[in-house]
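The numbers here are math on the coordinates, done by the rules we state, and not lab data. Treat the numbers as computed from the prediction; the structure is a model and nothing was measured. Glycine gets a Cβ as well: all are built from the backbone with ideal geometry, and neighbour counts include every protein chain shown.
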Amino acid sequence: MSTIVLLSAVLLALNIFVPIHSKVTNRTYLIKKDFLSDLKGGEFPVYDSTGKKQLYRMESKIGKTHNVQVFATTSKKVLAELAARVASAMYKGNIAVLDTNLKQWKNGTIEHGNKFRVFWNGQRISMEGKGNSLDTTFRDESNSNILAQFKKRGDNTNDYERYVRINGLARAAISYDKDYEKGKMYADELLAFKPQDTGYNSAVFKGNIFNGLVAFRRDKDVATAKRFLLAAGKIAADLGGSPTLNSFGPNMSLAKDLLEVREQETVLKYFNYCRKFWKKNILDEWTSVVKNGGIPDFGANLDY
């Protein structure tokens, strides 16, 4: 299940509290993952149906826990939260939504068994999808009524938007879902970008990183993971980086994995490639830590 679909579940719970004056009210929202939100990690602006007026901002962070917050755009007030434990075969979290009329927080849960289910506000809501599609139906299990639907936009987007979308899917598949088959499929899609495509430099860099993560985490193939890490560094250096790489720096998740099995020499070579496009003194600090047998605190560079 994609992170963005889970965000939709939080948005659904939030909208149960929106006052309505008719028996049935349909609302359409557009959740975007655009250039700026990609640079900031797991941020998703939520717009009205026109795609012009931003209503909410969602922030998603995945580590030992999966934490989501939904903010009102105008007041910047936190309106809803999700805090969940993430494991390879388990997902269980708590949802809290602010009832702005009563000024009270209402609590519920989201769990994964044979499917994702939301238990909230006296309702048992199932999240139903098909195959590899992100399209998801939210259904009230008491009467089978459809409460909401999430549908991915078609692929009529430009090349950079395509990169952002595939990069996000690959990251979610590998880091959250532990679905390495799907992660490799998306990694190979990134490597299939052509030099004339906008986003090519970042795409081929991340394609190599993701393939290396699959080799290391699924196949336990350290040698192949090392080759992918150095390929990512070399191609980024040869291409002069990219706006994202040059500003925010390279991803260090595969480098960290390799340091955990004492592959310092390979990681130091990767650092040297990164110096050619990322002019930051922090690389010298990380180099010193690695040479002394440690693992640097890579911070946000585990997410970019």
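Based on the Cβ-Cβ distance from D99 to D135, what FRET efficiency comes out when R0 is 22 Å, to the nearest 0.05?
According to the calculation, E is roughly 0.15.
Can you classify segment 159-302 as rounded, prolate or oblate using the Cα gyration tensor, where a ≥ b ≥ c are the square roots of its eigenvalues, rounded means a/c under 1.5, and otherwise it's prolate if a/b beats b/c and oblate if not?
Oblate is the answer for segment 159-302, as a/c is 1.5 or above yet b/c matches or exceeds a/b.
Treat each spin label as a single point 7 Å out from the Cα along the C-beta direction, and report the D188 to I235 distance in nm.
Computed distance between label sites D188 and I235 equals 1.4 nm.
Just want the ordering: R27, R171, R162, from fewest to most Cβ atoms lying within 10 Å of their own Cβ.
Ascending number of Cβ neighbours within 10 Å: R27, R162, R171.
Report the far tail of the P(r) of segment 211-291, meaning the percent of Cα-Cα pairs longer than 21 Å.
Cα-Cα pairs in segment 211-291 separated by more than 21 Å: 24 percent.
How would R117, R124 line up from fewest to most surrounding beta-carbon atoms within 10 angstrom?
Arranged by neighbour count, lowest to highest, R117, R124 become R124, R117.
Within 10 Å of each residue's Cβ, count the other Cβ atoms and sort W120, W286 from fewest upward.
Ranking W120, W286 by Cβ neighbours within 10 Å, fewest first, gives W120, W286.
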